[in-house]
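Below is one structure; the comments refer to it alone.
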């Protein structure tokens, strides 16, 4: 049976009413979801914004998605309080503070007062991480962890090039790569070099003025959040036996025979919900090896603020993460 701590039947949410710019986002009242077997109901405290949010909001068939029903609640990372547990849930109880990634890329959205999630996609929030910031962590951190640990298998002493190193995924990847013992090279505008140095980067390259391929020299691993020309140019400096992990799949062509001829793996990757990865990320945060950089916090109950956050993120060049917070 479901353990219940609240009788609320509806909730507020921010939803896209159709495909389009940030103005299609509206504040709506919808039924509060009910957790089924092996799921938990979370009262949302914060949810982070990521490029996938404006992609799903604006691009038809984004990542191959069939036409979604509307209104569509966006958001794939969440932090909050467990309100109810579904049948068979043994690892969480009402009142637990949890964070994690929701089913991706076509799952339910976290930009709401409540969200239902698989119980094993959530882990306890470290005591040194405020709930208001925790919602900005899961998708970005899991992307970096899965790319660097699960796919590339980064080892101490390897040279790791991280494109867009001050961005949402990039600034977390810098810290994880450093924790793994790598020599970390980050591309970012000069204004963000001090931040990258604080986070542990060993070398910084200003992508606006410098040729990253010439500046970086040979590398073992590339985390490519840009795609396009950057992918092919990264191949030229990746050592045989190295790995390029590409994240921007809409503008990334598989390197195929060129990578094979160079002895390099090219792996296009989508992030997945991952309890083991989230537990590892939580451990890094608890130890002080990882911290999210919050570039801006916005009121989840104020649709104008949420639209402004979408516009800011979509414009690019945000250092760190944007987060929507329940006041």
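The number of residues in the stretch 232-282 that are assigned to a helix (DSSP H, G or I) and touching a residue at least 60 places away in the same chain (Cβ under 8 Å) comes to 10.
Among the residues of the stretch 110-133, is there at least one that is on the phi > 0 side of the Ramachandran plot and more than 18 Å from the chain's Cα centre (by Cα)? Scanning the stretch 110-133 turns up no residue that is on the phi > 0 side of the Ramachandran plot and more than 18 Å from the chain's Cα centre (by Cα). From the list 236, 216, 257, the one residue that fits, being at negative phi, surrounded by 18 or more Cβ atoms within 10 Å (Cβ to Cβ), over 16 Å from the mean Cα position of the chain (by Cα) and in the same structural domain as residue 147 (by TED's automatic domain parsing), is 216.
Considering every residue within the stretch 104-124, establish whether at least one is farther than 29 Å from residue 265 by Cβ, touching a residue at least 12 places away in the same chain (Cβ under 8 Å), in contact with a helix residue (DSSP H, G or I) (Cβ under 6 Å, 6 or more places away or on another chain) and not in a helix (DSSP H, G or I). Checked the stretch 104-124: at least one residue is farther than 29 Å from residue 265 by Cβ, touching a residue at least 12 places away in the same chain (Cβ under 8 Å), in contact with a helix residue (DSSP H, G or I) (Cβ under 6 Å, 6 or more places away or on another chain) and not in a helix (DSSP H, G or I). Within the stretch 52-92, being in contact (Cβ under 8 Å) with a residue 40 or more places away in the chain, surrounded by fewer than 16 Cβ atoms within 10 Å (Cβ to Cβ) and more than 26 Å from residue 247 (Cβ to Cβ) holds for 70, 87, 88.
So, residue 181, is that one on the phi > 0 side of the Ramachandran plot and part of a strand (DSSP E or B) or not? Criteria not met by residue 181.
The residue list 301, 317 contains one member that is surrounded by fewer than 18 Cβ atoms within 10 Å (Cβ to Cβ), at pLDDT 95 or above and part of a loop (DSSP other than H, G, I, E, B), which is 301. Kindly provide the set of residues from the stretch 200-213 that are surrounded by fewer than 22 Cβ atoms within 10 Å (Cβ to Cβ) and either modelled with pLDDT of 95 or more or outside any loop (DSSP other than H, G, I, E, B) (or both), ordered by number. Within the stretch 200-213, 200, 202, 203, 206, 212, 213 qualify.
The values are calculated or read from the model by the stated rules, or taken from the named source; none is laboratory data. Just so it is clear, the structure is predicted and the values come from calculations on it, not from any experiment. With ideal geometry, Cβ positions are generated from the backbone for all residues, glycine too; neighbour counts draw on all protein chains shown.
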